[in-house]
Amino acid sequence: MNTHVALAAGAAALLALSATAASAADAPAKAHTPSQCFWTRNANGFAAADEHTLNIRVNSRDVYQFEMFGPCPDIDWNQRIALVSRSGSNICTGMDAEVVTHSPIGPQRCPVRSVRKLTPEEIAALPKRARP
(Lines give C-alpha, C1' and ligand atoms only; values in the text may rest on other atoms or scores of the structure.)
Protein backbone atom coordinates (compact mmCIF):
# COMPACT_ATOMS: atom_id res chain seq x y z
CA MET A 1 0.00 0.00 0.00
CA ASN A 2 2.84 2.40 0.88
CA THR A 3 4.40 1.71 -2.51
CA HIS A 4 1.21 2.81 -4.28
CA VAL A 5 1.06 6.02 -2.26
CA ALA A 6 4.73 6.75 -2.99
CA LEU A 7 4.22 6.10 -6.72
CA ALA A 8 1.11 8.32 -6.82
CA ALA A 9 2.94 11.12 -4.98
CA GLY A 10 5.90 10.82 -7.35
CA ALA A 11 3.63 10.93 -10.40
CA ALA A 12 1.83 13.99 -9.06
CA ALA A 13 5.13 15.75 -8.41
CA LEU A 14 6.36 14.89 -11.91
CA LEU A 15 3.16 16.26 -13.47
CA ALA A 16 3.42 19.47 -11.46
CA LEU A 17 7.07 19.91 -12.45
CA SER A 18 6.36 19.37 -16.15
CA ALA A 19 3.43 21.81 -16.06
CA THR A 20 5.62 24.45 -14.42
CA ALA A 21 8.38 23.93 -16.98
CA ALA A 22 5.90 24.16 -19.86
CA SER A 23 4.37 27.40 -18.60
CA ALA A 24 7.84 28.88 -18.04
CA ALA A 25 8.79 27.99 -21.62
CA ASP A 26 5.60 29.63 -22.95
CA ALA A 27 6.06 32.86 -20.96
CA PRO A 28 7.97 35.62 -22.75
CA ALA A 29 11.34 36.54 -21.30
CA LYS A 30 11.15 39.64 -19.12
CA ALA A 31 14.88 40.20 -18.78
CA HIS A 32 16.05 43.70 -19.54
CA THR A 33 18.44 44.13 -22.41
CA PRO A 34 21.06 46.83 -22.04
CA SER A 35 19.33 48.96 -24.70
CA GLN A 36 16.16 49.12 -22.57
CA CYS A 37 18.01 50.57 -19.58
CA PHE A 38 19.91 53.80 -19.15
CA TRP A 39 22.01 55.48 -16.47
CA THR A 40 20.33 58.54 -14.99
CA ARG A 41 23.61 60.46 -15.29
CA ASN A 42 23.40 60.11 -19.10
CA ALA A 43 20.05 61.94 -19.36
CA ASN A 44 20.72 65.34 -20.89
CA GLY A 45 17.38 66.75 -22.02
CA PHE A 46 13.64 66.38 -21.74
CA ALA A 47 10.39 67.56 -23.24
CA ALA A 48 6.88 66.93 -21.97
CA ALA A 49 4.20 66.22 -24.53
CA ASP A 50 1.58 66.75 -21.82
CA GLU A 51 1.14 66.14 -18.08
CA HIS A 52 1.16 62.36 -18.61
CA THR A 53 4.01 61.87 -21.10
CA LEU A 54 7.67 62.83 -20.72
CA ASN A 55 10.39 62.23 -23.31
CA ILE A 56 13.96 62.00 -21.99
CA ARG A 57 17.03 62.40 -24.22
CA VAL A 58 19.84 60.04 -23.22
CA ASN A 59 23.33 60.58 -24.60
CA SER A 60 23.01 62.16 -28.02
CA ARG A 61 20.55 60.01 -29.94
CA ASP A 62 18.39 57.87 -27.65
CA VAL A 63 14.98 58.98 -26.40
CA TYR A 64 13.01 57.21 -23.69
CA GLN A 65 9.32 57.89 -23.17
CA PHE A 66 7.94 57.93 -19.64
CA GLU A 67 4.23 57.41 -19.05
CA MET A 68 3.12 58.70 -15.66
CA PHE A 69 0.60 57.03 -13.36
CA GLY A 70 -1.38 60.25 -13.27
CA PRO A 71 -0.96 63.88 -14.24
CA CYS A 72 2.35 65.39 -13.22
CA PRO A 73 1.54 69.05 -12.48
CA ASP A 74 3.52 71.71 -14.33
CA ILE A 75 5.85 69.23 -16.03
CA ASP A 76 4.90 70.53 -19.46
CA TRP A 77 6.34 73.99 -18.78
CA ASN A 78 9.17 73.24 -16.35
CA GLN A 79 12.77 74.12 -17.17
CA ARG A 80 14.23 71.57 -14.72
CA ILE A 81 13.29 68.12 -13.48
CA ALA A 82 15.03 65.43 -11.48
CA LEU A 83 15.02 61.72 -12.28
CA VAL A 84 15.08 59.48 -9.24
CA SER A 85 16.00 55.83 -9.66
CA ARG A 86 14.71 53.46 -7.02
CA SER A 87 17.02 50.64 -8.10
CA GLY A 88 20.42 52.28 -7.99
CA SER A 89 21.47 54.69 -10.70
CA ASN A 90 19.87 53.15 -13.79
CA ILE A 91 16.30 53.04 -15.05
CA CYS A 92 14.84 50.05 -16.87
CA THR A 93 11.13 50.05 -16.02
CA GLY A 94 8.54 52.45 -14.75
CA MET A 95 8.75 50.98 -11.27
CA ASP A 96 12.44 52.02 -11.23
CA ALA A 97 11.71 55.70 -11.80
CA GLU A 98 10.18 58.77 -10.28
CA VAL A 99 10.19 62.28 -11.72
CA VAL A 100 10.51 65.26 -9.42
CA THR A 101 9.23 68.52 -10.87
CA HIS A 102 8.99 71.97 -9.35
CA SER A 103 5.68 73.75 -8.97
CA PRO A 104 4.51 76.93 -7.25
CA ILE A 105 3.62 74.87 -4.19
CA GLY A 106 6.99 73.05 -4.05
CA PRO A 107 8.46 69.86 -5.45
CA GLN A 108 6.02 67.33 -6.90
CA ARG A 109 6.95 63.64 -7.04
CA CYS A 110 5.46 61.84 -10.02
CA PRO A 111 5.63 58.03 -10.15
CA VAL A 112 6.33 56.55 -13.57
CA ARG A 113 4.11 53.75 -14.88
CA SER A 114 6.20 52.68 -17.89
CA VAL A 115 9.46 53.45 -19.66
CA ARG A 116 9.99 52.69 -23.33
CA LYS A 117 12.89 53.38 -25.66
CA LEU A 118 11.64 55.04 -28.84
CA THR A 119 12.77 53.91 -32.27
CA PRO A 120 14.46 56.41 -34.61
CA GLU A 121 11.22 56.57 -36.61
CA GLU A 122 9.18 57.37 -33.48
CA ILE A 123 11.67 60.07 -32.50
CA ALA A 124 11.42 61.66 -35.94
CA ALA A 125 7.60 61.59 -35.73
CA LEU A 126 7.47 63.44 -32.40
CA PRO A 127 5.99 66.92 -32.57
CA LYS A 128 8.63 69.63 -32.16
CA ARG A 129 7.24 70.57 -28.73
CA ALA A 130 7.61 66.95 -27.49
CA ARG A 131 11.11 66.37 -28.88
CA PRO A 132 13.93 66.67 -26.31
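The values are calculated or read from the model by the stated rules, or taken from the named source; none is laboratory data. If you're wondering where the values come from, they're calculated on a predicted model, not measured in any experiment. A quick note on method: Cβ atoms are made from the backbone with ideal geometry, for glycine too, and the neighbour counts reach across all protein chains shown.
Just so you know, in segment 57-109 the residues that are among the basic types (Lys, Arg) and over 19 Å from ARG131 (Cα atoms) include one that is modelled with the highest pLDDT, and it is ARG109. Filtering segment 73-132 to residues that are of a type in the set (D, E, K, R) and touching a Cys at 6+ places or on another chain (Cβ under 6 Å) leaves nothing. For segment 88-104, indicate whether the set of residues that are of a type in the set (Ser, Thr, Tyr), in a loop (DSSP other than H, G, I, E, B) and touching a Phe, Trp or Tyr at 6+ places or on another chain (Cβ under 9 Å) is non-empty. So far as segment 88-104 goes, yes, one or more of its residues are of a type in the set (Ser, Thr, Tyr), in a loop (DSSP other than H, G, I, E, B) and touching a Phe, Trp or Tyr at 6+ places or on another chain (Cβ under 9 Å).
If you scan segment 81-132, which residues turn out to be surrounded by 13 or more Cβ atoms within 10 Å (Cβ to Cβ), of a type in the set (D, E, K, R) and in contact with a strand residue (DSSP E or B) (Cβ under 7 Å, 6 or more places away or on another chain)? Passing the criteria: ASP96, GLU98, ARG113, ARG116, LYS117, ARG131. Taking the criterion of being part of a loop (DSSP other than H, G, I, E, B), over 15 Å from GLY45 (Cβ atoms) and either in contact with an Asp or Glu (Cβ under 9 Å, 6 or more places away or on another chain) or of a type in the set (S, T, N, Q) (or both), the residues of segment 65-75 that qualify are GLY70, PRO71, CYS72, PRO73, ASP74.
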